[in-house]
Structure formats: C-alpha cells, structure tokens
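Single-structure report; data block below.
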Amino acid sequence: MPKQDFSHVDTWVFDLDNTLYPPELRLFDQIEVKMTQFVMDTLAVDRTEADRLRKQYWHEHGTTLAGLMRVHGMAPDAYLEAVHDIDMSVLTADPDLRARINALPGRKIIYTNGTAPYAVRVAAARGLDGIFDAVYGVEHAGYAPKPDEAAFRAVFTADGLTGARAAMFEDDERNLAVPHAMGLRTVHVAPQRRSAAHIHHHTDDLSGFLAGLI
C-alpha cells in the first residue's frame, strides 16, 4: 500500500457507520429496524411496504430520510431522533484504531449521513472521543445526504478543507464519487472490493490500513 499516495494529505475525512466500526458489529441493523417502524407509523403502511420504501428511497435519494422529505414533505427532526435511539452496547472500544487515527498528520473529521450527536455517541462507544477536530452530520448539509454533491460542498466548505489535500474513508462506494471528483484521495472501507474509477484504494481493515500510513 503506497504510503506516498497520502503524503500530501492534511485533512482526513471519515464516514461513521460501518466505517469507524466493522459491519459485523451490526449496529446499523438497529437503525434499519427503527427506520422501517417509523415509515410504518408515519405512512400507515405494513412492514413489507415500509421495508420496500426504505430501500427504494435509499437507492433513489441517498437516504431513507431524503426520500421521505422529497416525496412526502416530511420534517427531519422526529425521524432522526427516532432512528438514532439505539443500544450502543454492541460497540467495543478499539485502542489501536484510536492510536492510528490520532497519529495521522493534520485535521481529522467525521462526516456522516446520521446526525452529529449520534456520531459523537458512536465515537465515544468506540473509544474514539476527543481525537476528531470536527464532527459533521446531515444537519450541516441542510439535510441533503451523501452522495449529493451539494451535501459534500456544504460540509467541506464549512470545514475549509482543500480537496487536493484531503482523503476520505467510506463504506458506501457511491459516496466516494463526488469526493474523487473534488480531488480527494478515496478509500473504500468494506468487506468486498469494488472496482470503480472513483476508488483509489480498498481495505476491509481500516485500522490495519492506517497503520501503513503512519
């Protein structure tokens, strides 16, 4: 893994869910259950239809919330509060990951399609509290989600990062296309490798990957 590919990087952008913790911990499964229940309750549909809509809106709009807002005119606050009310005890602290992120030169930030308060809770449960310079959630992009270009531009402008000197780590390969176009070094963090022009690197072990950069 070419360490020199990251020698220019002074801002490190990390997605949250299934990136700063491994997907096998299944935390996001709880959120998906809450999403489906919220759609059932709000739209008065059965579980099968709610689950179908949840997946359709994620595919077509980037997140279930974005679909609910665009198709049904739903306000975001009640949804975000409901779906993030989950049990964090499935997460475990990762001191090695903490040390490796902390050792990266420059700024470290989290950017998630969840909310910033939720991201702070997850980071704390992983033992990663206090090492990030900023935490950005969907609220910082006016509730526009990744992979929308406008969402990235809103967050990156607020942070003041320069794309040509930044890197992004993300489990959803769709969410790396815009950062790649903006000049960021992109790393797909996922069990399976995807070949795409907008993915510079792949890893199924974020901590191990970072170990090769420091």
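None of the figures in this text is laboratory data; all of them are computed from the coordinates on show. Everything numeric here is computed off the predicted structure, so don't read it as measured data. When we count neighbours, we look across all protein chains shown, and the Cβ atoms used for this are built from the backbone with ideal geometry, even at glycine.
Quick look at the values:
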{"quantity": "For region 27-83, the spread of Cα positions along each principal axis, largest first, Å", "calculated": "24, 22, 21"}
{"quantity": "Order of V39, V83, V33 - criterion: other Cβ atoms within 10 Å of each residue's Cβ, fewest first", "calculated": "V33, V83, V39"}
{"quantity": "All-pairs Cα distance distribution in region 2-110, expressed in whole percent, bin size 5 Å", "calculated": "2, 10, 16, 18, 15, 11, 11, 9, 5, 2, 0"}
{"quantity": "Normalised per residue, the volume of the convex hull around the Cα set of the chain (Å³)", "calculated": "113 Å³"}
{"quantity": "Highest-fluctuation residue, R194, R107, R174 considered, GNM on the chain with Cα pairs under 10 Å", "calculated": "R194"}
{"quantity": "Net charge contributed by nearby residues that have their C-beta within less than 12 Å of R70 (K/R +1, D/E -1)", "calculated": "-2"}
{"quantity": "Full-extension gain in nm, E139 to K34, via 0.36 nm per residue minus C-alpha separation", "calculated": "35.9 nm"}
{"quantity": "DSSP-assigned coil residues among trypsin sites (Lys or Arg not before Pro) in region 1-90, each with at most 15 further Cβ atoms within 10 Å", "calculated": "R26"}
{"quantity": "Hydrodynamic radius (Kirkwood) for region 56-160, which is based on Cα pairs only, to one decimal in Å", "calculated": "14.9 Å"}
{"quantity": "Helix-only [θ]222 nm of the chain, DSSP H runs n ≥ 4, -39500 (n - 2.57) each, per residue, nearest 500", "calculated": "-12000 deg cm²/dmol"}
{"quantity": "Whole-Hz ³J(HN,Hα) from phi, Karplus 6.51 cos²θ - 1.76 cosθ + 1.60, for region 64-76, glycine and proline x", "calculated": "4, 4, 4, x, 4, 5, 6, 8, 10, x, 7, 6, x"}
{"quantity": "Long-range HN-HN contacts of T115 with modeled amide H, under 5 Å", "calculated": "V138"}
{"quantity": "Sequence-separation-based contact order of the chain, relative, with Cα cut under 8 Å and 6+ spacing, percent", "calculated": "24 percent"}
{"quantity": "Degrees separating the helix 27-43 axis from the principal Cα axis of the chain, which is the longest one", "calculated": "30 degrees"}
{"quantity": "Choice from T92, T36, T11 showing the highest fluctuation, given a GNM over the chain with Cα pairs closer than 10 Å", "calculated": "T92"}
{"quantity": "Residue among V122, V71, V187 with the largest mean-square fluctuation in a Gaussian network model of the chain, springs linking Cα atoms under 10 Å", "calculated": "V71"}
{"quantity": "Straight-distance crosslink candidates among lysines, where the alpha carbon sits under 29 Å from K55 and sequence neighbours closer than 8 are dropped", "calculated": "K34, K146"}
{"quantity": "Relative pair counts by distance (%), Cα atoms of region 150-214, 5 Å bins", "calculated": "4, 18, 28, 23, 17, 9, 1"}
